[in-house]
Amino acid sequence: MSWIVDGRPETVRRQVHEALADMGTETSELTCLRLVGDTPGAYQDVPLEESLGALVELRDQGLIRRIGLSGASPRMLARARRMTPIAAVQNRFNLLDRSGVQVLADCEAQGILFIPYFPLAAGRLSDYHELTGPAERLGATPAQIALAWLLCRSPAMVVIPGTSSTDHLRSNVAASEVAGRLTDTEVARLTELVDESKAVLDRPTSPARSHR
């Protein structure tokens, strides 16, 4: 998977070719166009139709198999889907920040994969009893519980936490097994950490109550 972060059509084309060269392949399985729908105060002066249109052309040429979006608002996702099928959307979403919840709902309804950005909340998880309780019961880490909750939260969820450590990679992969051992009550308590009904796309959300 590769990301395009500059929306100018000529830059989109150049970056796709550069990404293919870096990966040593002729075709990208998934290329995501970075938008600004979940970034506070951000402004994008290139119309979505122009930047996305360049990716559509590259897909039609066989250089891209699937197109995704990153940082999309529900309105941007709808505009994009009028042009081309969207395979995946990556937006901010984790145990402490549910600002992407509306986009997640749209992905669920439309059969689109949802990739949570910052799935481990940048390491701000360890002090919450809702996490540490299940972690102690299951002999898991708070990070594994947080990833397991994401997997339980939605069938559209595809979790790809970044890591440079082999041990962390193994631990992250093991979260899928942990997900099957969380109780419904534990999942509900983790979900209730944040009031999703008040989540705002371009503003990070906060836990509904202070941690203990």
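The values are calculated or read from the model by the stated rules, or taken from the named source; none is laboratory data. The model shown is predicted, which means the values in this text are computed figures rather than measured ones. Reconstructed Cβ throughout: ideal geometry from the backbone, glycine too, with neighbour counts over all protein chains shown. Just so you know, the surface numbers come from the protein's heavy atoms only, side chains and all, with ligands and any DNA or RNA stripped out. Shrake-Rupley method; radii C 1.70, N 1.55, O 1.52, S 1.80 Å.
Every residue, every condition in (1) open to solvent by 10 Å² or more (accessible area, probe 1.4 Å); (2) touching a Pro at 6+ places or on another chain (Cβ under 6 Å), yes or no:
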residue: Gly68; (1), (2): no, no
residue: Ala78; (1), (2): yes, no
residue: Ile86; (1), (2): yes, no
residue: Arg98; (1), (2): no, no
residue: Ala109; (1), (2): yes, no
residue: Ala121; (1), (2): no, no
residue: Ala135; (1), (2): no, yes
residue: Ala143; (1), (2): yes, no
Of all residues making up region 58-73, the number that are free of Cβ contacts under 8 Å to residues at least 40 places away in the same chain and not in a loop (DSSP other than H, G, I, E, B)
6
Pairs, please: C-beta under 8 Å, at least 6 apart or cross-chain, first residue in a loop (DSSP other than H, G, I, E, B) and at pLDDT below 95 and in region 128-144, second crowded, with 16+ Cβ neighbours inside 10 Å and of a type in the set (Ser, Thr, Tyr)?
Thr141/Ser171
For region 167-186, does any single residue satisfy the condition of being assigned to a loop (DSSP other than H, G, I, E, B), open to solvent by 50 Å² or more (accessible area, probe 1.4 Å), at pLDDT below 90 and acidic (Asp, Glu)?
no
Just one of Val12, Val46 is in a helix (DSSP H, G or I) and either open to solvent by less than 60 Å² (accessible area, probe 1.4 Å) or within 30 Å of Asp97 (Cα to Cα) (or both); which is it?
Val12
I need every pair where a residue in region 185-201 that is closer than 26 Å to Gly71 by Cβ has its Cβ under 9 Å from the Cβ of a residue that is of a type in the set (Phe, Trp, Tyr) and at pLDDT below 90, sequence separation at least 6 or different chains.
Leu190/Tyr128; Leu193/Tyr128
Please state which of the following conditions Leu201 fails to meet, knowing it meets all the rest: (1) surrounded by fewer than 19 Cβ atoms within 10 Å (Cβ to Cβ); (2) modelled with pLDDT under 90; (3) aliphatic (A, V, I, L, M).
(1)
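Could you say which residue among Ser51, Ser73 is open to solvent by less than 30 Å² (accessible area, probe 1.4 Å) and farther than 22 Å from His17 by Cα? Outline the logic, then answer.
Numbers: Ser51 fails: farther than 22 Å from His17 by Cα.
None of the other options fit; the residue is Ser73.
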For Arg59, state whether it is closer than 21 Å to Glu26 by Cα, open to solvent by 30 Å² or more (accessible area, probe 1.4 Å) and either of a type in the set (Gly, Ala, Ser) or modelled with pLDDT of 95 or more (or both).
yes
Kindly indicate whether Ala122 is in a helix (DSSP H, G or I) and modelled with pLDDT under 95.
yes
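Identify all residues within region 86-98 that are under 30 Å from Arg59 (Cα atoms) and either of a type in the set (S, T, N, Q) or not in a loop (DSSP other than H, G, I, E, B) (or both); write none if there are none. Walk me through it before giving the result.
Of the residues in region 86-98, the ones under 30 Å from Arg59 (Cα atoms) are 86-93.
Within region 86-98, Ala88, Val89, Gln90, Asn91, Arg92 meet the criteria.
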